[in-house]
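Asker: Have a look at this one before I ask anything.
The values are calculated or read from the model by the stated rules, or taken from the named source; none is laboratory data. Every value quoted in this text rests on a predicted model; they were computed, and no experiment measured them. FYI the Cβ positions are ideal-geometry reconstructions off the backbone, even for glycines, and counts take in every protein chain you see.
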Amino acid sequence: MSAPPETPTTHPVVTPTRVVVALCLFAPFVAMLWVGSYAEVEPTLAGLPFFYWYQMLWVPVSAGLTAIAYVLVRREQAARRAAAGQPAGGEER
């Protein structure tokens with residue numbers, strides 16, 4: 001009899017990296033949709049009420065968190081490709 005075909009190693013779907021990525025992408029939504037947490041006038045910053053500068057603060061914070069998520073996903077994809085023996089460059093086909 002021939003040996004059974006080798007099954008490719010499967011990676012877990014939920015990994016710590018993906019949990020961190022999900023938190024990075026989810027945090028801005030929670031922060032902006034929970035209006036009661038920032039619906040205040042005080043404290044002011046350069047004459048702007050808290051309601052406005054809090055929202056403006058989340059623009060660069062969201063961009064930073066999205067960049068972190070992108071880097072983490074790319075790093076995990078590269079590690080999975082390396083573990084599978086695929087070339088490090090290009091997309092999977």
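Asker: Quick check on the range 28-47. Is at least one of its residues of a type in the set (S, T, Y), assigned to a helix (DSSP H, G or I) and modelled with pLDDT of 95 or more?
Answerer: There is no residue in the range 28-47 that is of a type in the set (S, T, Y), assigned to a helix (DSSP H, G or I) and modelled with pLDDT of 95 or more.
Asker: Considering only the range 5-19, I want to know if a residue exists there that is modelled with pLDDT of 90 or more, touching an Asp or Glu at 6+ places or on another chain (Cβ under 6 Å), of a type outside the set (D, E) and part of a helix (DSSP H, G or I).
Answerer: yes
Asker: Which condition number does T10 fail, the rest of (1) exposed (fewer than 11 other Cβ atoms within 10 Å of the Cβ); (2) polar (S, T, N, Q); (3) touching a residue at least 12 places away in the same chain (Cβ under 8 Å) being met?
Answerer: Failed condition: (3).
Asker: Cβ-Cβ below 7 Å, separation at least six or inter-chain, first residue in the range 14-40 and touching a residue at least 60 places away in the same chain (Cβ under 8 Å), second exposed (fewer than 11 other Cβ atoms within 10 Å of the Cβ) and of a type outside the set (A, V, I, L, M, F, W, C): which pairs?
Answerer: As it stands, the answer is none, since no pair meets every condition given.
Asker: Shifting gears a bit: For the range 57-93, enumerate the residues that are more than 24 Å from P12 (Cβ to Cβ), surrounded by 12 or more Cβ atoms within 10 Å (Cβ to Cβ) and aliphatic (A, V, I, L, M).
Answerer: L57, V61, listed by residue number.
Asker: Let me ask something else about it. Within the range 36-84, which residues are of a type outside the set (F, W, Y) and farther than 26 Å from V20 by Cβ? Walk me through how you get there before you give the answer.
Answerer: Taking the range 36-84 first, the residues of a type outside the set (F, W, Y) are 36-37, 39-49, 55-57, 59-69, 71-84.
Once the filter is applied, which keeps residues that are of a type outside the set (F, W, Y) and farther than 26 Å from V20 by Cβ, the range 36-84 yields G36, A39, E40, V41, E42, P43, T44, L45, A46, G47, L48, P49.
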